[in-house]
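Novice: Here it is: the structure, laid out below.
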Amino acid sequence: MVKKSNFQKLEREARICRKLQHPNIVRLHDSIQEEHFHYLVFDLVTGGELFEDIVAREFYSEADASHCIQQILESVHHCHSNGVVHRDLKPENLLLASKAKGAAVKLADFGLAIEVPGDQQAWFGFAGTPGYLSPEVLKKEPYGKPVDIWACGVILYILLVGYPPFWDEDQHRLYAQIKIGAYDYPSPEWDTVTAEAKSLINEMLTVNPSKRITASEALKHPWICQRERVASMVHRQETVDCLKKFNARRKLKGAILTTMLATRNFSSKYDAHGRSIITKKGDGSQVKESTDSSTTLEDDDIKASYD
């Protein structure tokens, strides 16, 4: 049974998805309402997660990462051109259309998406996934379309080396890193990444949203539009190995959260700081608080700390 608040969220998601018709976005085919139930019918997407596909490839290069992020940016550009901000860009929401080689990347899950006309900036509430949240959201400042570009920067960083730019088991320390844009390019893994790739990451992970690159501008970046000439074609085995560990960690945490859902024993779960840890419930309501950098949070259901 869908609660009224969750029914309204599903209505919002359906309304937004109807506006989006793009080869790199999972398409909504129908929205069906029955008493106490609401069904959204999307494309059948059979290729699984993009990150899982990458680790199964025999060859993966910087140029492949460029092609991946280009498709993601194309989907984001389409969203932004239609006045939509996704707010939850992360690996779990990047799928492949099929198992076929070269299948299109598809952006999915518009449950947190909002409609933001033009270049409007406002406080639309705390929403997103901790490791991919932008500085302006964590500072509770007005935000808009640039939050999606920040998340793209985090994703691109992972695509190139297999681990995220911001990481800490403690959520407060993680947020502190993000707020000031405290990331770097450690050796030896970044030594073989081209300057052009780092340049695009820097423009995406710019703390000031007004100076952050847009999706349209990013698609014109040499590392994207001149991939054959600029991006390295050397196989990145260390990236694949690190990405396998990154995926395994995500899956393990997902399994733990699934167990919590199955037991429904939410109130007794606490982290080291005494905060409750609650994830999505079976009725679709969102999580409360999480130390997991891959768990989605939304203002309607959380009182997160920003200090």
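The values are calculated or read from the model by the stated rules, or taken from the named source; none is laboratory data. For clarity, every value in this text was computed on a predicted model and none was experimentally measured. Note that we place each Cβ from the backbone using ideal geometry, even for glycine, and neighbour counts take in every protein chain shown.
Novice: Taking segment 230-241 on its own, how many of its residues are touching a helix residue (DSSP H, G or I) at 6+ places or on another chain (Cβ under 6 Å) and of a type outside the set (Val, Ile, Thr)?
Specialist: Number of matching residues: 3.
Novice: When only residues in segment 85-103 that are surrounded by 14 or more Cβ atoms within 10 Å (Cβ to Cβ) and among the basic types (Lys, Arg) count, which is nearest to Val55 (Cα to Cα)?
Specialist: Restricting to residues being surrounded by 14 or more Cβ atoms within 10 Å (Cβ to Cβ) and among the basic types (Lys, Arg), the top hit is Lys90.
Novice: Please specify each residue of segment 22-38 satisfying the condition of being touching a residue at least 24 places away in the same chain (Cβ under 8 Å) and loosely packed, with under 14 Cβ neighbours inside 10 Å.
Specialist: Quick first cut of segment 22-38, residues touching a residue at least 24 places away in the same chain (Cβ under 8 Å) only: 22-26, 36-38.
Pro23, His36, Phe37, listed by residue number.
Novice: Do we have any residue at all in segment 143-150 that's modelled with pLDDT of 95 or more and surrounded by fewer than 20 Cβ atoms within 10 Å (Cβ to Cβ)?
Specialist: yes
Novice: What residue, among those in segment 69-78 that are of a type outside the set (Asp, Glu) and surrounded by fewer than 22 Cβ atoms within 10 Å (Cβ to Cβ), is farthest from Val154 (Cα to Cα)?
Specialist: His78
Novice: Still on this structure, please answer the following. Here is a list: Ser66, Ser81. Which entry is small (Gly, Ala, Ser) and surrounded by fewer than 21 Cβ atoms within 10 Å (Cβ to Cβ)?
Specialist: Result: Ser81 is the single residue among Ser66, Ser81 that is small (Gly, Ala, Ser) and surrounded by fewer than 21 Cβ atoms within 10 Å (Cβ to Cβ).
Novice: Could you please give the count of residues in segment 224-252 that are crowded, with 18+ Cβ neighbours inside 10 Å, over 30 Å from Tyr143 (Cα atoms) and within 17 Å of the chain's Cα centre (by Cα)?
Specialist: So the count comes out to 1.
Novice: Limited to segment 128-152, what total is found for residues that are under 15 Å from the mean Cα position of the chain (by Cα), over 12 Å from Ile178 (Cα atoms) and among the small types (Gly, Ala, Ser)?
Specialist: Total meeting the criteria: 1.
Novice: Is it the case, given these coordinates, that Glu136 is surrounded by 18 or more Cβ atoms within 10 Å (Cβ to Cβ), touching a residue at least 40 places away in the same chain (Cβ under 8 Å), acidic (Asp, Glu) and more than 23 Å from Val45 (Cα to Cα)?
Specialist: Spelling it out, Glu136 is indeed surrounded by 18 or more Cβ atoms within 10 Å (Cβ to Cβ), touching a residue at least 40 places away in the same chain (Cβ under 8 Å), acidic (Asp, Glu) and more than 23 Å from Val45 (Cα to Cα).
Novice: Now for a separate question. In the list Lys244, Lys251, Lys220, which residue meets the criterion of being among the basic types (Lys, Arg), out of contact with any helix residue (DSSP H, G or I) (no Cβ under 6 Å at 6 or more places or on another chain) and at pLDDT 90 or above?
Specialist: The match here is Lys220.
Novice: Can you tell me how many residues within segment 20-31 are part of a loop (DSSP other than H, G, I, E, B) and farther than 14 Å from Ile114 by Cβ? If you could, list the steps in order and put the result at the bottom.
Specialist: Within segment 20-31, the first condition is being part of a loop (DSSP other than H, G, I, E, B), and the residues that meet it are 20-24, 26-27.
From the residues that got through so far, the ones that are farther than 14 Å from Ile114 by Cβ too are 21-24, 26-27.
Going through segment 20-31 one residue at a time, the tally reaches 6.
Novice: While we're on this one: Can you work out which of the residues in segment 211-223 that are under 15 Å from Gln121 (Cα atoms) and touching a residue at least 24 places away in the same chain (Cβ under 8 Å) is surrounded by the fewest Cβ atoms within 10 Å (Cβ to Cβ)?
Specialist: Thr214
Novice: Among the residues of segment 92-130, what is the count of those that are assigned to a helix (DSSP H, G or I) and in contact with a Ser or Thr (Cβ under 8 Å, 6 or more places away or on another chain)?
Specialist: 2
Novice: Can you find even one residue in segment 39-61 that is free of Cβ contacts under 8 Å to residues at least 24 places away in the same chain, under 23 Å from Lys145 (Cβ atoms) and over 15 Å from the mean Cα position of the chain (by Cα)?
Specialist: no
Quick grid of which residues meet (1) in contact with a Cys (Cβ under 6 Å, 6 or more places away or on another chain); (2) farther than 15 Å from Ala113 by Cα; (3) part of a helix (DSSP H, G or I):
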| site | (1), (2), (3) |
| --- | --- |
| Leu10 | no, no, yes |
| Glu13 | no, no, yes |
| Arg18 | no, no, yes |
| Tyr39 | no, yes, no |
| Gly47 | no, yes, no |
| Ser66 | no, yes, yes |
| Leu73 | no, yes, yes |
| His78 | no, no, yes |
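Novice: I need every pair where a residue in segment 102-125 that is of a type in the set (Phe, Trp, Tyr) has its Cβ under 6 Å from the Cβ of a residue that is surrounded by fewer than 17 Cβ atoms within 10 Å (Cβ to Cβ), sequence separation at least 6 or different chains.
Specialist: As it stands, the answer is Trp123/Pro142, since those pairs meet every condition given.
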